[in-house]
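The values are calculated or read from the model by the stated rules, or taken from the named source; none is laboratory data. What you see is a predicted model, and the numbers here were worked out from it, not measured in a lab. In this analysis, Cβ positions are derived from the backbone assuming ideal geometry, glycine residues included, and neighbour counts consider all displayed protein chains. Keep in mind that these areas ignore ligands, DNA and RNA; they rest on the heavy atoms of the full protein, side chains included. Shrake-Rupley method; radii C 1.70, N 1.55, O 1.52, S 1.80 Å.
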Amino acid sequence: MSMELEFEDLLDEAMDLPDSPAKIALLEQAIRVADAAGDIEQGYEARSMLVNTASFNGFPMKALVAFSWQLGQYDKHPELFEYDLHNLLWSYKWILDDLPSFPDIQLGQIHSLLEDFKLRIKKAGHSERTYDYYRFRMALLTGELEKAGEYMDKWRPVDRDSLSNCQACEQDALVEYFFMLGDDERARVEAKKIMSGRMSCAEVPHVTYPKLLMPLYRTGRQDEAAKLERESFRLIKGNRDFIKAAGLQMIYLTHADPFRGLEVYESFAPLTHNHESPMFRMVFDGAAAVLFKRLAREQVKFNVRLPAYITESGAANDVSRLSEIYTELAFDAAGKFDKRNGNRFYTGEVERLLAQVGE
């Protein structure tokens, strides 16, 4: 009885907290209590909450581990968890979206899980639209942009169903595709419904605005870009789930206002500590590399507030050295992703960003 009370108390306390590392710690404690008692249903319930919280707060690996346990228990005891099938499939989508962010997860594993997802959604009566959408996402995140375009043409014409992502998220994915292609005008066109406020969700327009900053800047809309950057920062400030978005802002600010870029860096750098997504950290590190390379041209003294993992003596006062540190981090991560993906997409992106700043 006391064990049951402790579990319920932990879950209640977690539910009263905003999404945060503290909430995740409580859920992990509740999971340990449930597992110690051998209570599969309680363990499933706590892990379901953990997957939701961890997926959107910079702990995708915790989400992946918890979800793998859930999926295994569902397959062993379908009679216990059949009621949760739709939620389980919905969580599966979050996991699929995070898989490419880990270079140690091989493409074969990713495609195997995609096929497993396909079988499960077909058995549940859904169309292949969401499966094709995630094939599009996989190709996009592994730098296979031509394939991404082919998959995009497959899912877009098909009618939505109850497993489809929200329209705002799908529209943001289109913006990301054209942004990655370097098609500034098309990215702006696809963003219009989001920019007008007709489409939004918990993460849109937060993740959309940073993708529009360079397209606006490159097409001569500097005032619009500056205004959008301020609004974007207001939306993402303090949230560790948005360090990739912060990196995109820093890339824009490297060109438009590098001292403002330093403000964004110092706001988000502490949030990169222990962030579990190698891809998000790579984008942030690459952005920091080009920002500090640009700041090295300024004849001022710096005292940069650094994250705890950069411990090199004197680095805080030497932006040239910080650029070298972050360049090494970015290229190291890019190389791992490219080796897994069988291309050099991310290495090329880092090279391109550094070349834009010049010497």
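Percent of accessible area on the range 1-98 owned by carbon and sulfur, 1.4 Å probe?
C and S fraction of accessible area: 55 percent.
What does the accessible area of residue 347 come to, in Å² to the nearest 10, when a probe of 1.4 Å is used?
Approximately 20 Å² for this residue.
Expressed as a whole number of Å, what is the distance separating the alpha-carbon centroids of the range 175-204 and the range 63-112?
Cα centroid of the range 63-112 versus Cα centroid of the range 175-204: 28 Å apart.
Leaving out ligands, DNA and RNA, and with a 1.4 Å probe, what % of the accessible surface on the range 166-236 is carbon or sulfur?
C and S atoms contribute 48 percent here.
Rounded if a/c is under 1.5, else prolate if a/b is larger than b/c, else oblate: which is the range 166-236, with a ≥ b ≥ c the root eigenvalues of its Cα gyration tensor?
Here the range 166-236 falls in the oblate category.
On average, how much accessible surface per residue is there in the chain, in Å², for a 1.4 Å probe, leaving out ligands, DNA and RNA?
Numbers: 16400 Å² over 359 residues.
I get 46 Å² per residue for the chain.
Between rounded, prolate and oblate, where does the range 204-297 land on the alpha carbon gyration tensor, with a ≥ b ≥ c its root eigenvalues, rounded for a/c under 1.5, else prolate if a/b exceeds b/c?
It comes out oblate by the Cα gyration axes.
The range 231-337: which GluC sites (Glu not before Pro) are DSSP loop and have at most 13 other beta-carbon atoms within 10 angstrom?
The qualifying sites are 298, 312.
Cα-Cα over 25 Å: which of 122/154; 62/123; 244/301?
Details: 122/154 17 Å; 62/123 28 Å; 244/301 28 Å.
Beyond 25 Å between Cα atoms: 62/123; 244/301.
Does the range 57-125 classify as rounded, prolate or oblate by the C-alpha gyration tensor (a ≥ b ≥ c root eigenvalues; a/c under 1.5 gives rounded; else a/b over b/c gives prolate, otherwise oblate)?
Because a/c hits 1.5 or more and a/b exceeds b/c, the range 57-125 counts as prolate.
Report in % the part of the accessible area of the range 254-338 that belongs to carbon and sulfur, leaving out ligands and nucleic acids; probe 1.4 Å.
Of the solvent-accessible surface of the range 254-338, carbon and sulfur hold 48 percent.
Starting from the Cα coordinates of the range 106-163, work out the convex hull volume and express it per residue in Å³.
66 Å³
Round to the nearest 10 and report in Å² the accessible area of residue 293, as given by a 1.4 Å probe over the protein chains' heavy atoms.
50 Å²
In deg cm²/dmol, rounded to 500, what helix-only [θ] at 222 nm does the chain give when every DSSP H run of at least 4 residues adds -39500 (n - 2.57) and the total is split over its residues?
Rounded to the nearest 500, the figure is -23000 deg cm²/dmol.
Give me a comma-separated list of calculated 3J(HN,Hα) values for the range 279-284, in order, Karplus coefficients 6.51, -1.76, 1.60 applied at θ = phi - 60°, integers in Hz, x for any Gly or Pro.
With the stated coefficients, the range 279-284 comes to 5, 4, 5, 4, 4, 5 Hz.
Once R0 is set to 30 Å, what does the formula 1/(1 + (r/R0)^6) return for the Cβ-Cβ distance between residue 84 and residue 154, expressed as a FRET efficiency to the nearest 0.05? Write out the running numbers ahead of the final one.
Values: r = 29 Å, r/R0 = 0.96.
E between residue 84 and residue 154, to the nearest 0.05, is 0.55.
What is the pair-distance distribution P(r) of the range 1-98, computed from all Cα-Cα distances in 5 Å bins starting at 0, with each bin given as a whole percent?
Result, from short to long distances: 2, 14, 26, 23, 21, 10, 2, 0 percent.
Between residue 231 and residue 37, what is the label-point separation in nm under the 7 Å Cα-to-beta-carbon projection?
For residue 37 paired with residue 231, the spin-label model returns 4.9 nm.
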